[in-house]
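Colleague: Structure incoming, see below.
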Amino acid sequence: MGRLGKIFDTFKRPVKRAELTKEVAAATVGGARSPVFGYPADGLDPVVLASILRAADHGDPIRYMGLAETIEERDPHYLAVLGTRKRAVSQLEITVEPGADTPDAKKHAELIRAWLKRDELTEEIFNILDAVGKGYSFTEIIWDYSEGQYQPERLEWRDQRWFRFDRTDLRTPLLLDDKGREVPLSPFKFIFAPMPAKSGLYLRSGLARIASWSWMFKAYTQRDWSIFTQTFGQPIRIGKYAPGTSDAEKNTLFRAVADIAGDCAAIMPASMSVDIVAAPNVGASSDLYEKRADWLDKQTSKAVLGQTSTTDAVTGGLGSGKEHREVQEDIERADGRMLAAILNRQLVRPFIDLNHGPQKVYPRLVIARPEAEDLKAWTDATVPWVAAGLQVSQKEVLDKLGLSAPKAKDAILGKPPETPPQPGLQPGAGNRNTPESIFKGGFYTRNGNSGGDTALQSEQPSTGDFSGVSPIPDLTARLELEAGPAVDGMLDQIEAMFEAASSFEEFREILLNAYSDLDASGLTVSLTDAITAAAAGGRAAAEDEAGD
């Protein structure tokens, strides 16, 4: 098999099969890949934030990635909108398209479909989509070979702080080994998923970079709001004591005042007074903090979801509803396509190469929400054309409606057709039918009655090239009368075969095998007599015409 040979990745590097089933980027306590990090967001101000972002620009992502994680932990709004975007993609339907219409290509696609049925896949895709906020993510593929076939046993998210980018281009990802050295990623071991919010370096393309500024300014606003609320939102309690009160009594009075609530408490001699001057626009000042915090949240919603309607809904107004939802669906569709391209290149292709060797074409994942189709509009547009004579495949209609064809013994809902369908037969056009169409018209039903064209011919003289009344309708009626029992017998045999079959495919095989055993002797005799009579009648008509 192809998998026994040497396999190369897209960078022409040989794949080391011995490393595929091992973890090469797991956390090492006390080593270069420690799971414990500090909190760079503590004491954040514009100067500190600028230094964090500048360090990331030069290839040091440690503090920036720590800041991105801290924002998710401390800002409920950012966590909500970012989680909405990631979960919208992680629960989308994943379909597999074969690379070609060949048995091998279909076999490869089926291998991928079987693997996609894993329950853990939704969580693994959610972790890969950590790239939406931070600009990129790393996922280690742990392969399993216990059954003689390579399969991804699990996809493990790896912290972006354990990776670097080559200093020459800041685009080629590198792994920190156990000693802190920057080494290339092992072939077929990692899913490097860049999902930039803007063009440029991966370290500068994450949504967290934009959200960090809004989060810092909102933190200032919330701090000032808390101070304002404490100052103007609580009453000040003042205890007064008489002259000559001892220190012990003063302490008792202060504890009593302070224990009522909060810290806004004081004591003073009864002969003293304190004037508290409040700002005349205290209510407006309170609204200012709230409006600023809400405005910053809306900017974050726009950056992450492209709109604000689904998070800060405002009823009415232009563009607040369906249009906003369409914007979110556009972003969802783009994320799904980008993720599918990453998985096709870095997971599906290695999966097939390791088991079947390099291929010219590979299965293709499609991550997208099924397009909703207006079946009522489709039906309203199709039915008039069918009524006008347009021939439409019944299978196509059933597939469109999501229905299956009934089996032999199923109870049938709906009105059955008045006459069984006759493939290939087209009704005649008035009294200008050809003899062949008139002959076939007599067998539209099994009750011995001639079709409408025959009845029309018998009532009106033909407008063909010959004069007088045509003998063809009489000959057709005679043939139908004599051949009817023979045809009925053959149809009874075919109906028995149909009832015995469990599927159309089985019925086809039974019919083909028993075709030669059908009793057609009676039909043969009737057809022979009809042909003889038609030939004789034709000669007589020709002689009469020649005699004229």
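The values are calculated or read from the model by the stated rules, or taken from the named source; none is laboratory data. Predicted, not measured: the structure shown is a model, and the values here were computed from it. Don't worry about glycine lacking a Cβ; one is built from the backbone with ideal geometry, like all the others, and counts go over all protein chains shown. Accessible surface areas use protein heavy atoms only, side chains included; no ligands, DNA or RNA. Shrake-Rupley method; radii C 1.70, N 1.55, O 1.52, S 1.80 Å.
Colleague: Using θ = phi - 60° and the Karplus curve 6.51 cos²θ - 1.76 cosθ + 1.60, what whole-Hz ³J(HN,Hα) does each residue of the range 84-92 get, with Gly and Pro shown as x?
Modeller: Running phi through 6.51 cos²θ - 1.76 cosθ + 1.60 with θ = phi - 60° gives 4, 5, 6, 5, 4, 8, 5, 9, 5 Hz.
Colleague: At a 1.4 Å probe radius, carbon and sulfur cover how many percent of the accessible area of the range 150-209?
Modeller: Working: 1220 of 2560 Å².
It is 48 percent, rounded to a whole number.
Colleague: Considering only protein heavy atoms, with the full assembly of protein chains and a 1.4 angstrom probe, order Ser199, Ser526, Ser393 by accessible area, largest first. Could you put the intermediate results ahead of the total?
Modeller: On the way: Ser199 110, Ser526 10, Ser393 60 Å².
In descending accessible area the options line up as Ser199, Ser393, Ser526.
Colleague: Under 15 Å from the Cβ of Trp378, count the other residues' Cβ atoms, weight Lys and Arg +1, Asp and Glu -1, and hand me the total. Write down the numbers at each step before the final one.
Modeller: Numbers: positive: Lys376, Lys400; negative: Glu371, Glu373, Asp374, Asp380, Glu396, Asp399.
Around Trp378, the charge tally is -4.
Colleague: Kindly sort His356, His108 by accessible area of their heavy atoms, largest first, with the probe set to 1.4 Å. Please list the in-between numbers first.
Modeller: On the way: His356 45, His108 10 Å².
The ordering from most to least exposed comes out as His356, His108.
Colleague: For the range 94-235, just say rounded, prolate or oblate: build the C-alpha gyration tensor, square-root its eigenvalues into a ≥ b ≥ c, call rounded for a/c under 1.5, and beyond that prolate if a/b exceeds b/c, oblate if not. Working shown, then result.
Modeller: Values: a/c = 2.66, a/b = 1.95, b/c = 1.36.
Prolate shape, in that a/c is at least 1.5 and a/b is the bigger ratio.
Colleague: So who's got an amide H within less than 5 Å of the one on Gly239, skipping anything under 5 residues away but keeping other chains? H placed 1.01 Å off N, in plane.
Modeller: HN-HN under 5 Å from Gly239: Ala266, Ile267, Met268.
Colleague: Checking the cross-link filter: which lysines have an alpha carbon closer than 22 Å to that of Lys291, excluding same-chain neighbours under 8 positions apart?
Modeller: Hits, sequence-local ones excluded: Lys218, Lys302.
Colleague: Now for a different question. Listed highest first by mean packing, meaning other Cβ atoms within 10 Å per residue, what order do 30-36, 295-301, 55-61 come in?
Modeller: Numbers: 30-36: 12.3, 295-301: 19.1, 55-61: 16.9.
Packing proxy ranking, top to bottom: 295-301, 55-61, 30-36.
Colleague: May I pose another question? Ordering Tyr202, Tyr136 from largest to smallest accessible area (1.4 angstrom probe), what's the sequence?
Modeller: Values: Tyr202 35, Tyr136 0 Å².
The residues order as Tyr202, Tyr136, largest area first.
Colleague: Over all distinct alpha-carbon pairs, what is the Kirkwood Rh of the range 1-138 in angstrom?
Modeller: Working: mean 1/r = 0.0522 Å⁻¹.
Roughly 19.2 Å, rounded to one decimal.
Colleague: While we're looking at this one, here's another question. Students often forget the sequence filter, so: which lysines lie under 24 Å Cα-Cα from Lys179 once same-chain residues fewer than 8 apart are removed?
Modeller: The qualifying lysines are Lys16, Lys22, Lys189.
Colleague: Which of the lysines could be linked to Lys400 by a straight reach, that is with a Cα gap under 27 Å, when you skip same-chain ones fewer than 8 residues away?
Modeller: Filter leaves Lys106, Lys107, Lys117, Lys322, Lys376, Lys409, Lys415.
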